[in-house]
Amino acid sequence: MTRADNVYVPGLLVDAEIDDVPAASPTTLPDGPRGRRALAYLGLCLVLIGLNLRTVFSSFAALLPEITSDAGLPGWAVVVLTTAPVTLLGAFAPLAPGLARRFGPERVLLGAMAVLTAGLLLRPAAAGGLVPGAGHLPALVVGTAACGAAIALCNVLLPGLVKRDFPHRLGLMGGLYTTAICASAALGAGFTYPIFTATGEWTAGLWFWVVPAAVVLLLFLPVALRQHPARHQAASDGVNLWRSAVAWQVTIFMVLQAMMSFSVFAWLAPILRDRGVDGGTAGLMVSVSIVLQMLGSLFAPALASRFRDQRAINVMVALMTGSGFALSIFGPLELIWVWTGLLGLGQGSLTAVALTMIMLRTRDGHTAAHLSGMMQGVGYGLGSTGTLLVGQLHQATGSFAPAGLLFLGVGLLAAVFGYRAGRNRYVGG
């Protein structure tokens, strides 16, 4: 696989099997025509798994006022429920390679989907009487935490499987996979509130997302159980990224974009509703914004890779994102579609170029995979402070205005580190 292949598929930059000795073998499939059908079936399963990896964030945000009111959630609980899933993405991601070496990535991915399905089922379970005597909060917290842990494992394992099993269709599969993840967030934002409106129950809006997760779990079950994992060891050589200034510049750039990205998933719908936009329209706006993210993520890496130096594009998309977020809070309401559109294009482009820096600032796939792992662990872990700070500022002031100022500052910092990360330098000299 060439370096250019990676540049154009930013979602495929983490490979849980990069250090495996001996190298991991492709997923076991039948031979002949049955094998080609089985490979297509595997590809469908992987794309459908991606389609379930962001609904947990956007569905909760779409109904946050209703859940808070009906469940009587204290302010600290709202902060925990919006922050914990992102924090767990960073906490559990480092465990995925070791689990994959021991049990096989297919079976670990199956287990993660089972945990995700259980978490989605548990979130509204107390309200539905499935947990007698329990309140809303314990089920919401435990279910949300389970979803975050499961998604962390899927985030790391899925790209490696796509890379390993579809080496000649990497562009197609990478595009389908990354598009599915973006579509997941858009679907959660756009359909959850209408389900609530139709049923009158916020629990129905959350329970709905159990169905696609359970369907994928059943579809992937025969593929995973067919595998007989071999034991692997982890190689331990290469550049010490933790002592590389370039690696830290790229990682901090990723942290700052993650602060804004996950805050959009968690808080944009509540921000719009706080400004007087009705729930259905707010969900639609978030969905459109995420669709524009998909467009930005499609074109920005190709543009960035045309130049040896990415300072200008990094600064531009960072400022677009920070200003789009702030204008969604402060800007004239009659132009709210413009502000959320600007935010969507900026955020999608920012996420994509931040990921693209991994390949542009490294000389080989091994170093790139390790830099990606560093960015994912640190980026998601510290990136969750964005949702935490928005929640705390809103709880303390009763307004989202301080969050607007916060993200103006975060956007400026992202521009600074994007400028430094965009220089034509490499990890390891």
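One table, with the values for the structure above:
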| item | result |
| --- | --- |
| Computed E for Leu219/Arg102 - FRET, C-beta separation, R0 25 angstrom, nearest 0.05 | 0.55 |
| Formal net charge of residues neighbouring Leu73 (Cβ-Cβ distance under 15 Å; K, R +1; D, E -1) | -1 |
| Distant-in-sequence amide H partners of Thr362 (H built 1.01 Å from N, under 5 Å) | Val427 |
| Sorted by Cβ neighbour density within 10 Å, fewest at the top, the residues Thr397, Thr281, Thr82 | Thr397, Thr281, Thr82 |
| Extreme residue, positive dipole direction of the chain, given options Met316, Ala125, Thr203 (C-beta unit charges) | Met316 |
| Only Lys, Arg (+1) and Asp, Glu (-1) charged, at Cβ; the stretch 263-315 dipole about Cα centre in debye | 240 debye |
| Test item: Cα-centred dipole of the chain, Lys/Arg +1 and Asp/Glu -1 on Cβ, debye | 1040 debye |
| Linear extension gain, Ala245 paired with Phe330, 0.36 nm per residue minus alpha-carbon span | 27.0 nm |
| The stretch 146-189: trypsin sites (Lys or Arg not before Pro) in DSSP coil with no more than 14 other Cβ atoms inside 10 Å | Arg169 |
| The stretch 182-303, dipole about Cα centre (Lys/Arg Cβ +1, Asp/Glu Cβ -1), debye to the nearest 20 | 300 debye |
| Additional length obtainable on full extension of the chain from Leu137 to Asp70, 0.36 nm per residue less Cα span | 23.0 nm |
| Computed over the chain: relative contact order in percent, which uses C-alpha pairs under 8 Å that are six or more apart | 26 percent |
| Selected from Ala139, Asn52, Leu272, residue furthest toward positive end of dipole (the chain; charges at beta carbon) | Asn52 |
| Shape call, the chain: gyration tensor on alpha carbons, a/c limit 1.5 | oblate |
| Local electrostatic count, Val246, Cβ distance below 9 Å [Lys/Arg +1, Asp/Glu -1] | +4 |
| Residues Ala40 and Arg275, FRET efficiency given R0 of 35 Å [Cβ-Cβ distance, rounded to 0.05] | 0.15 |
| Modelled FRET efficiency - R0 22 Å, Phe307 with Asp364, Cβ distances, 0.05 increments | 0.60 |
| Among Gly409, Gly90, Gly418, residue whose mean-square fluctuation peaks in a GNM of the chain (springs only between Cα atoms under 10 Å) | Gly409 |
| Ranked Thr192, Thr367, Thr321, Thr179, criterion: other C-beta atoms within 10 Å, fewest first | Thr179, Thr367, Thr192, Thr321 |
| Loop trypsin sites (Lys or Arg not before Pro), the stretch 276-382, which have at most 16 other Cβ atoms in a 10 Å radius of their Cβ (DSSP) | Arg306, Arg308, Arg363 |
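Values in this text are rule-based calculations from the coordinates and carry no lab data. Note that this is a predicted model, so its numbers are computed, not measured. Backbone-built Cβ (ideal geometry, glycine too); neighbour counts: all protein chains shown.
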